[in-house]
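Q: The structure under discussion is supplied below as structure tokens; questions concerning it will follow.
The values are calculated or read from the model by the stated rules, or taken from the named source; none is laboratory data. Owing to the predicted nature of the structure, the values given are computational and were not obtained by experimental measurement. Note: ideal-geometry Cβ built from the backbone for every residue, glycine included; neighbour counts use all protein chains shown.
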Amino acid sequence: MYGYGKYCPVAAATSLVGDFWTPLIVRELLCGTEHFNQLARNVPGISRTLLAGRLRMLERAGALLRERENGGTATRYRLTDAGRDLRQIVDALGAWGTRWGMPDPNATELDPFTVICMLKSSIRGASLPDSRVVIEVVIAGAQETRAWIVCERQQVSMCVDYPGFEVDIFLRADASTVYRIWRQALRASDAIRQRLLLLDGPADLIRALPGWFESRSASAALAATTG
């Protein structure tokens, strides 16, 4: 895989994660996604052939383990210590891209499925309730787009097809609002107050939702105004 003429640490790292798709795949693996179909759903636009190739590349590099589940045919992908150490690269790319890459994109530059994936990646699993929560997300616009976020403490995944679970929260917003929440330019609690983020569902889940993205204090402030 590494073919640079003289050894260079930057070249070695770039040969592994220096393409468009691999950092996105690693991001999903770092978020707890373990199965091929889930990875395919959570990285919008990637072909299954390309995804399989990138997973094999990560495995050959020692960053990924492919395991059979319970001796069956299902495959689970798990990052090794080397793979988990890629978090600092992925986080740095995200921070740079937020500040310098495209800080204020036009609405037409935002892909609806991508911003739903961004929203999914912002949810902090440790803040979720013990039971599964399914969010049906609708991105408003010229071409309304719908997807589902399945929230569990161990894993938060995105489905472009109905996942088969009862929906707990219905969420509607435009792509710009979701993008601003993801880059922390807008708090979810403020978006709810300003009616930029519309929610429908049980009152306790709606009160708790901002805390899945924000600090405890922001969630408590919203609860005080709605409770």
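Q: Starting from residues that are in a helix (DSSP H, G or I) and of a type in the set (A, V, I, L, M, F, W, C), keep the ones in region 186-206 and report whichever is farthest from the chain's Cα centre (by Cα).
A: Step one: list which residues in region 186-206 are in a helix (DSSP H, G or I), which gives 188-193, 203-206.
Next cut, of a type in the set (A, V, I, L, M, F, W, C) only: 188, 191-192, 203, 205-206.
On the way: Ala188: 16, Ala191: 19, Ile192: 21, Ala203: 25, Leu205: 20, Ile206: 20 Å.
That would be Ala203.
Q: Any chance you could count how many residues in region 79-102 are within 15 Å of the chain's Cα centre (by Cα) and of a type in the set (D, E, K, R)?
A: Residues meeting the conditions: 2.
Q: Write out, first by first residue and then by second, each pair whose Cβ atoms fall under 7 Å of each other, whose residues are 6+ apart or on separate chains, and whose first residue, in region 164-178, is in contact (Cβ under 8 Å) with a residue 24 or more places away in the chain while the second is basic (Lys, Arg).
A: Phe165/Arg132
Q: Still on this structure: Six or more apart or on different chains, Cβ atoms under 8 Å: show the pairs whose first residue is in region 49-70 and closer than 16 Å to Arg87 by Cβ and touching a residue at least 60 places away in the same chain (Cβ under 8 Å) and whose second is surrounded by fewer than 17 Cβ atoms within 10 Å (Cβ to Cβ) and of a type in the set (A, V, I, L, M).
A: Ala61/Met1; Ala61/Ala82
Q: Is it the case that Pro112 is within 22 Å of Arg172 (Cβ to Cβ) and either among the β-branched types (Val, Ile, Thr) or surrounded by fewer than 18 Cβ atoms within 10 Å (Cβ to Cβ) (or both)?
A: No; evaluated as a whole, the condition is false for this residue.
Q: Ok, one more. Which residues, taken from region 103-137, are without any contact (Cβ under 8 Å) to a residue 40 or more places away in the chain and more than 18 Å from the chain's Cα centre (by Cα)?
A: Result: Asp104, Asn106, Thr108, Glu109, Asp130, Ser131.
Q: Any residue in region 4-14 that is modelled with pLDDT under 90, of a type in the set (A, V, I, L, M, F, W, C) and within 29 Å of Ala173 (Cα to Cα)?
A: Looking through region 4-14, none of the residues is modelled with pLDDT under 90, of a type in the set (A, V, I, L, M, F, W, C) and within 29 Å of Ala173 (Cα to Cα).
Q: Between a first residue in region 17-46 that is assigned by TED's automatic domain parsing to the domain that holds Ala82 and a second residue that is in a loop (DSSP other than H, G, I, E, B) and of a type in the set (Gly, Ala, Ser), which pairs have beta carbons less than 8 Å apart while being 6 or more apart in sequence or on different chains?
A: Cβ pairs passing all conditions: Val26/Ala63; His35/Ala74.
Q: From the list Arg216, Arg207, Arg187, Arg193, pick out the single residue that is over 15 Å from Ile116 (Cβ atoms) and at pLDDT below 85. Even if it seems obvious, please write down each step before you answer.
A: Numbers: Arg207 fails: at pLDDT below 85; Arg187 fails: at pLDDT below 85; Arg193 fails: at pLDDT below 85.
After applying the criteria, what remains is Arg216.
Q: Only helices (runs of 4 or more DSSP H) wholly contained in region 35-120 count here; list those with 3 or more residues that are more than 26 Å from Gln184 (Cα to Cα) and modelled with pLDDT of 90 or more.
A: 48-60, 81-84
Q: For Gly125, all conditions in the list (1) at pLDDT below 80; (2) not assigned by TED's automatic domain parsing to the domain that holds Val178 hold save one; what is the number of the exception?
A: Looking at each condition in turn, Gly125 falls short on (2).
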